[in-house]
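Heads up: the structure comes next, in C-alpha cells.
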Amino acid sequence: MTLELFSQYIFAGITYGIIYAIVAIGFNIIYNTTGIINFAQGEFVMLGGMTAISFNHYLPLPLAIICAVLVTMLIGALIEIAFIRWLESPSVLRMIIITIGLSIIIREMALHVWGDSVRALPYFSGNVVSSITIMGASISPQVLWVLAVCSLMVILLSLFFKFTSLGKEMQACAANRLAATLCGINAKNMVTFSFMLSAALGAVAGCVVSPITSSQYDMGTGLAIKGFTVAVLGGLGNSMAAVAAGLLLGIIEAFSIAVGFPLAFQDAIAISLLLLILFVRPHGLFGNKEAARLKEF
Amino acid sequence: MLKIRNLESGYGKLRVLKKISMHVDAGEIVTLIGANGAGKTTLLSTIAGLSRASGGDIVLFDQNLKSSAPQEIVKAGCSLVPEGRQVFATMRVEDNLILGGYVQYQRSKGYCQSAELAAIYDIFPVLKERRDQLAGTLSGGEQQMLAMGRALMAGPKLIMMDEPSTGLAPLIVRDIFQIILHLREAGNTVLLVEQNAKSALAIADRGYVLETGKIILQGPAADLLGNTDVQRAYLGRDVDAATATCDI
Ligand SMILES: Nc1ncnc2c1ncn2[C@@H]1O[C@H](COP(=O)(O)OP(=O)(O)OP(=O)(O)O)[C@@H](O)[C@H]1O
Ligand SMILES: [Mg+2]
C-alpha cells in the first residue's frame, strides 16, 4: 500500500471515527447522569441533519444549523420531561424499552415529515469536487470541518465539565446522585440538561457529516449501534476513552475495505467487536473494573 | 426549631415510622438511638425529603416541609450528612466542598466562597492538606469529615448526621464527637443518629430511643444514660461486663 493510499484510509477512518465518538459521548453524558443508555441517541444525529436541511431552504447555512441544534435540544428536553422525568427509580430494562420505543417513534415521525428521500446539506466550504492534499491524500474540505468541529466539541465539553458550575453540578449528579440532591442540586433538572446536551452534540454531528454521508430518516439506527459499540469499547461513561475508541473503530472499518473486506459486511465489524468486548472486557478497553464503577466524564 | 408530629413514612407498603413525634430546639444536640432497622435512617431521610411522609407534619421554623423537595429543605436550612458518607468519589475534595455550598451561591450574590472554605478548613485542617486529592481516595475518617464539611458549606441551621462514627477507629470517633461539640458551641443545632449510644448520649443534651418505628423513651441525655432499660438494650455489654466483674 502506498503512503498516499494509507493516509487516504486513515483520514476516512478518523472522519467516521470522530462521528462515532461524538455519538458515544452523547451516550456517556446521559449514562453518567442517569444510568440510562439512551438508544434514541442516533436519532438526535438524524434530527439535527434533517432539520438543518429543511431550515436551509429559508435561512443561510450557519443560521440553519444553529436553529436545527436548538430544535433538537428542545426535542431532547421534551423527551426527557415527557417520558423519563416522572419515573421513580425505573428498572434498566424498562428504560431500554422506553428509549428504543422512542427511537422508533422519532424515526417513523421523521419518515412522515421528510419522506424516505436521501438529502444532504451543502458543503460548508467548496463543493463536492474540491479537495485538499494532505500527506498525499486528497480529502474534501468537509472532512476538515468534521474533524475541527468534533474536536472543538470534545474540548469545549471537557472544559465545560471541568470549569463551569453547571458542569460540576452535572458531574456531581453522575458521581453520586443522592449526595448531589443533599447539596440542594435539582438532580431532575440536571438529567434534562444532560438530554439537551446530548441532543445538541448529536445534532451538530448530524449537520457536519450531512454533506459527506447524506441524511436520511433511518440513519440513526446504524449510528447508534456504532456509537454504543464505541462507548462500550472505551468503557461506559468515559468520554475521553470514547474518542480513542471511536477513532479505532473508524480506522478498523476503513482498513477493512482496504484489505478487501466486503463493504456490505462493514457494519458486522462493529457488532462483532461489541460482542467480543462484552465477552472479554465488559468494562471496556481503557477501563479497569474498579474505575468502571467510578463514573467520570 | 424542628418539630415533628405524628410522622408516618415507609417504603411502598412497608410502614417503617409509626406516628413519630419529636422536636429539636435551637442550640441543642439531640441524639436518636435505636437498634439496626429501627427506622433511624428512614426518619432522617423523611425529614430531608428523600422519602415521602405518608402522614403527620415536619415543621422547621414554622415552615411545613412535609411535602417539600430535598433541595428546598436544604435551602430552608436543614442539611443531612448521610449514612455511609456519600462523598463525590471522583471529584476533588475542594470541589466536594464547593458543591456543598451550592445553595448558598444560588441564594445570594454576596456569597464569598473562599471565606466559607477557609472556615471549613479551620474546623477540618486535614481537608485543607488533601484539598486536591480525589475524595474517593480519602480514608474513612477523612471522608466522614468531608461529608460533614460539605453539609456545613450549605450554612445549615440544623445539621443531621446519620451514624458518623460507623467503621472508624475510637480515636477518630473521639475527634468526630469533639467536632460535633464544637459545632454546638459555634451555634449550630445537631440531630445525631448513632449506634454508639454511649458516646452519643455523653455529648447530647437530649435523646430519643427509637424501636421498630416508635419512640419508646425520651428525655435528657443524662437520664437516658442512667436508665436501666437503655443500659440493657443499647449499652448492654457495659452493664453485663459490670455485673460480671461484680459477681467475681
Ligand atoms: N430503600 C428501602 N426499601 C425498602 N425498605 C427499606 C429501605 N430502606 C430501609 N428499609 C427498611 O426499613 C426499615 C428501617 O430501616 P432504616 O434504614 O431506617 O433503619 P436504621 O434504624 O437506620 O438501621 P441501621 O442502624 O442499620 O442503619 C428496615 O426494616 C429496612 O429493611
Ligand atoms: Mg441507618
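The values are calculated or read from the model by the stated rules, or taken from the named source; none is laboratory data. Remember, predicted model here, so these are calculated numbers, not experimental data. Reconstructed Cβ throughout: ideal geometry from the backbone, glycine too, with neighbour counts over all protein chains shown. Note: areas computed on protein heavy atoms with side chains; ligands, DNA, RNA excluded. Shrake-Rupley method; radii C 1.70, N 1.55, O 1.52, S 1.80 Å.
For the reader, a short list of remarks on this structure follows.
- Placing a label point 7 Å from the Cα of residue A:1 along the Cα-to-Cβ direction, the residues of the range A:222-251 whose backbone N falls under 13 Å from that point are A:250-251.
- Cα principal axis extents for the range B:22-117, largest first, Å: 39, 31, 26
- Working value for chain B: equivalent-ellipsoid semi-axes of 30, 24, 16 Å, each the square root of 5 times a Cα gyration tensor eigenvalue, largest first.
- Among the residues of B:75-85, the average count of other protein chain beta-carbon atoms within 10 Å of the residue beta-carbon is 2.
- Whole-percent carbon and sulfur share, accessible surface of the range A:215-260, 1.4 Å: 72
- For the residues of B:90-98, the average number of beta carbons from a partner chain within 10 Å of their own beta carbon is 4.
- Net length available on complete extension from residue B:35 to residue B:123 is 28.6 nm, with 0.36 nm assigned per residue and the Cα-Cα distance removed.
- Cα point-scatterer Debye curve for the range A:1-138, base-10 log of I(q)/I(0) at q = 0.12, 0.14, 0.16, 0.20 Å⁻¹: -0.65, -0.82, -0.98, -1.23
- For the range A:3-294, the solvent-accessible area works out to 43 Å² per residue, with a probe of 1.4 Å and every protein chain left in place.
- The charge dipole of the protein assembly as shown, taken about its Cα centre with unit charges on the Cβ of Lys, Arg, Asp and Glu (plus for the first two, minus for the last two), comes to roughly 540 debye.
- Calculated mean residue ellipticity at 222 nm for the protein assembly as shown: -18500 deg cm²/dmol, from DSSP H runs with n ≥ 4 weighted as -39500 (n - 2.57), summed, divided by the residue count and rounded to 500.
- When A:108, B:116, A:253, B:142 are compared by accessible area of protein heavy atoms, the largest-first order is A:108, B:116, B:142, A:253, using a 1.4 Å probe.
- Rounded to the nearest 20 debye, dipole of the range A:3-294 from Cβ charges on Lys, Arg, Asp, Glu: 620
- Interface A:B - total buried accessible surface [probe 1.4 Å, Å², rounded to 100]: 1800
- Pairwise label distance in nanometres, residue B:112 with residue A:63, each label 7 Å out on the Cα-Cβ vector: 4.9
- In the frame of its principal axes, the range B:161-200 has Cα extents of 28, 18, 15 Å, reported largest first.
- Label-point separation in nm, residue B:69 to residue B:26, each point 7 Å along Cα→Cβ: 2.9
- Share of Cα-Cα pairs in the protein assembly as shown lying beyond 37 Å, as whole percent: 43
- Gyration tensor (alpha-carbon) shape descriptor, the range A:164-297, a/c threshold 1.5: oblate
- Among the listed pairs B:3/B:66; A:188/B:66; B:19/B:40; A:168/B:66; B:19/B:66, those beyond 18 Å (Cα-Cα): A:188/B:66; A:168/B:66
- Gyration tensor (Cα) of the range A:3-294, equivalent ellipsoid semi-axes in angstrom: 30, 23, 18
- Most positive-pole-ward Cα, A:250, B:29, A:104, against dipole of the protein assembly as shown from beta carbon charges: A:104
- Taking the three principal axes of the alpha carbon atoms in the range A:170-221, the coordinate ranges are 47, 17, 15 Å, sorted in descending order.
- Hull shadow area, averaged, the range A:106-233 [alpha-carbon convex hull, nm²]: 10.7
- Net charge of the neighbourhood of residue A:108, taken over other residues with C-beta under 14 Å away and scored Lys/Arg +1, Asp/Glu -1, is -2.
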